[in-house]
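Peer 1: Here it is: the structure, laid out below.
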């Protein structure tokens, strides 16, 4: 492969390549695997970095272990907010989150903010509750507006250096995982305008495309908001509802383990107004949507706007839905016909799917089996793009590809070819790049690629193979590494974006 001015200029055999480019700098990769670089379509950059440099509770195996980590972190960092992430009470023997009193015992008088793994609820100390104006005596995790208030109060306690180190750590991690670009899903209640502005000034080789999750009602409002925020689109985590783990996803029927049907943050009228405004202003829009009632509200709104403005106008904007975990065949057909892109997180299924996982606990086994139907979406013409929602799940694109291929529900998986394409070509398309070559390695494509150390490439697979790795050259997908349970994960040796090396081991 030859690269000229950040673009792939030639692909072919070594010998003629050297003859055609006698003065080129030659890098011998020693048989390593080269493939298009990944794009992660759903990332919270600062939060990801805070988990890397701060208190990550994802490995805590019990409530006691979680509190021990809080106690130790508070002792080692006496002058800062105790910001922790990724606890999951459904994996603990105690089956409950920490109480306010337990946090007070672990870190007396300190501002403690510990967000659940889905980032839609949190536990926090009395001091932080008081600072946020939230009842201090409650032991219930904060959700919705109370959670937003607590997060704002905790964020205000972070120093500029804390935030900068976190962002650089997150982007460095992305580069080391073969990721050339991330889509930052920001918003007024998620990370705030100041955080987004600071992120967009960070000089780093990993490209950042910014989504701002705030609803508008007119095209002028959409244009003004885009200009004011510096974002590239008005979508991402524009919440229609919350999450299943925190009982805040909006459902038609109540949760199996609670008396609630979740929360609705936007109704069909507000969704339609935002879609119409962005469509008219030629701006990509999108929403965070998880529960079946939330999906129904979005589909209703899309059809309304398509009726008013025309189907081609809606389809031409490439509007996005994040997560889209509960969707019927009829709804998928509408989304496919309207050119909607689904930014999905396959590792959600790997974490919480299955007959005895968190989804089954929250929704019952029957509803849980229907979650994250990747094959249904793809077969309905919905363009897929893979993301991590980091720090909710790790910023690890191969893990996402593998989870999409090994879905826990029979019939919901997609092929390795489709999964890899959704993490590369489909992800560029989800970010508005529709040149037909981004995410591939052909002459004329951006030279954005990664070099991998892998155990074995599956060049051709028997027809009865479970893997069914595609080698059809028309797919523009290279031979792929084995991602079976017994296969070593690919190790990134180098990441290059538009001809510039952004990571090299």
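No lab work stands behind these numbers, since they all come straight from the coordinates. In this text the structure is predicted, and so the values were computed from the model without any measurement. Positions of Cβ are generated from backbone atoms using ideal geometry, with glycine treated the same way; all protein chains shown enter the neighbour counts.
Peer 1: Given the rule -39500 (n - 2.57) for each run of at least 4 DSSP H residues, summed and divided by the residues of the chain, what is its mean residue ellipticity at 222 nm, to the nearest 500 deg cm²/dmol?
Peer 2: Rounded to the nearest 500, it is -10000 deg cm²/dmol.
Peer 1: A follow-up question, please. Once you keep just the Cα pairs under 8 angstrom separated by 6 or more residues, what percentage relative contact order results for region 235-430?
Peer 2: 18
Peer 1: Still on this structure, I have one more. Using Cα atoms only, what is the angle between the long axis of helix 292-309 and the major principal axis of the chain, expressed in degrees (0 to 90) to the nearest 10?
Peer 2: 60
Peer 1: Based only on Cα atoms, what Rg/Rh ratio does region 357-466 have, Rh being taken as Kirkwood's radius?
Peer 2: 1.00
Peer 1: Write down, largest first, the equivalent ellipsoid semi-axes of the chain in whole Å, where each equals the square root of 5 times an eigenvalue of the alpha-carbon gyration tensor.
Peer 2: Taking √(5λ) for each Cα gyration eigenvalue gives 36, 27, 24 Å.
Peer 1: Further question on the same structure: In whole Å, what are the extents of region 184-338 along the principal axes defined by its C-alpha atoms, from largest to smallest?
Peer 2: 46, 37, 26
Peer 1: Which distance in nm do the two modelled labels at residue 159 and residue 455 give, with both placed 7 Å along the Cα-to-Cβ direction?
Peer 2: Distance between the two pseudo-spin positions: 4.5 nm.
Peer 1: So if R0 is 30 Å, what FRET efficiency would residue 13 and residue 486 give, r being the distance between their Cβ atoms, rounded to the nearest 0.05?
Peer 2: The computed FRET efficiency comes out at 0.35.
Peer 1: Rounded to the nearest 0.05, what FRET efficiency is calculated for residue 105 and residue 145 with R0 set to 30 Å and r the Cβ-Cβ distance?
Peer 2: 0.60
Peer 1: In addition: State the antiparallel share, in %, of DSSP beta bridges confined to the chain, rounding to the nearest 5.
Peer 2: 45
Peer 1: OK, next. Report the rotationally averaged projected area of region 304-410 based on its alpha-carbon convex hull, in square nanometres.
Peer 2: Quarter of the Cα hull surface area: 7.1 nm².
Peer 1: Along the three principal axes, how long is region 235-430 when you take its alpha carbons, biggest first, rounded to the nearest angstrom?
Peer 2: Here the Cα extents, ordered largest to smallest, are 45, 41, 29 Å.
Peer 1: State, to one decimal in nm, how far the label point of residue 24 lies from the label point of residue 138, with both points 7 Å from Cα in the Cβ direction.
Peer 2: 6.2
Peer 1: What does the extension gain come out to for residue 253 and residue 34, with contour length at 0.36 nm per residue minus their alpha carbon separation?
Peer 2: 74.1 nm
Peer 1: If packing is taken as the mean number of other Cβ atoms within 10 Å per residue, what is the order of 128-141, 330-343, highest first?
Peer 2: 330-343, 128-141
Peer 1: Test of understanding: express the Cα radius of gyration of region 1-73 as a ratio to 2.2 N^0.38 Å, with N the residue count.
Peer 2: 2.05
Peer 1: Answer rounded, prolate or oblate for region 47-156, using the Cα gyration tensor with square roots of eigenvalues a ≥ b ≥ c: rounded when a/c is under 1.5, else prolate when a/b is larger than b/c, else oblate.
Peer 2: Since a/c stays below 1.5, the shape of region 47-156 is classed as rounded.
Peer 1: When the Cα centres of region 190-258 and region 484-505 are compared, how far apart do they sit, in Å?
Peer 2: 29
Peer 1: Quick one: plug the Kirkwood hydrodynamic radius of region 161-244 (C-alpha pairs) into Stokes-Einstein at 37 °C, 0.692 mPa s, and report D in µm²/s.
Peer 2: 240
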